[in-house]
Amino acid sequence: MATTTDSCDPELVATIQDVTEGDILVVNDDHRTWEVTDVVERPIDDPTDDRQHKIVLRLTSGQSVFGLELTDYGDCHEATLHVLETSDWTEGNHTEAVHSVEVLTQQVPWVVVSRTEGQVYHFPDPEAAAYGEAAPACGAGNGDSEFRIARITAVVPMYGGCKECLREARPVTLETVRCPSCERPLCTGILRGGGVDAVEGLAITCPDQTCGFEGVVDASLVSGFA
């Protein structure tokens, strides 16, 4: 880890400022998925200190506890990641600049929960759900596991989101998919599953007989894939 910091761009600043306790984050595209367990905001009133305000997020992932600090200097912001507790001795006392923070989506209409373990919800496996079966998108569970599909409003806040599902099966909201020929709205909804962010196009057939368009819509033109 480097020990340098850089001025944050406004989008990153806004993302960190909007983080709340219970959010699930990916920081600097790292392999770990962090849960925000505490958020502290503190003004700095010392006239000799260039800092004006700071926000500190306490992040946990397994046995690791890190602190993400956003510092306001008035004319710029700096974000740094500090190691507080870790089982990896090579990370001890290290600090690195934060250049990206992604808040993983947890609010989806339907989730999968275990009939025997009421602690974690999963995203439904799209292929299994298409056949009316309940299975986690992350592939968790074994032959003895039984799952059911439930509305997210029925299990939150008693359940927490499976970090593997939140990270690997990120949902993409399709606000409106239109026929590129006649502009007819065709569908809305949520697309999710492994590799959704790799989708390059959507194959559609316009139901309007006077149009007859049949082809592929570039995913970059669809709201949600931008």
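For the range 10-32, a tally of residues being in contact with a helix residue (DSSP H, G or I) (Cβ under 7 Å, 6 or more places away or on another chain) and closer than 14 Å to SER100 by Cβ returns 1.
Considering the conditions (1) assigned to a helix (DSSP H, G or I); (2) within 30 Å of ASP9 (Cα to Cα); (3) touching a residue at least 12 places away in the same chain (Cβ under 8 Å), ALA129 is excluded by exactly one of them, (2). The set of residues in the range 18-35 being loosely packed, with under 14 Cβ neighbours inside 10 Å and not in a loop (DSSP other than H, G, I, E, B) consists of ASP18 alone. Would you confirm, using the coordinates I've provided, whether ASP38 is at pLDDT below 90 and open to solvent by 40 Å² or more (accessible area, probe 1.4 Å)? Here the answer is no, as ASP38 does not meet what is asked.
The values are calculated or read from the model by the stated rules, or taken from the named source; none is laboratory data. All values reported here derive from a predicted model rather than from experimental measurement. Neighbour counts run over all protein chains shown; Cβ positions are idealised from the backbone, glycine included. Each accessible area value is taken on the protein alone, full model and side chains, heavy atoms only, with ligands, DNA and RNA left out. Shrake-Rupley method; radii C 1.70, N 1.55, O 1.52, S 1.80 Å.
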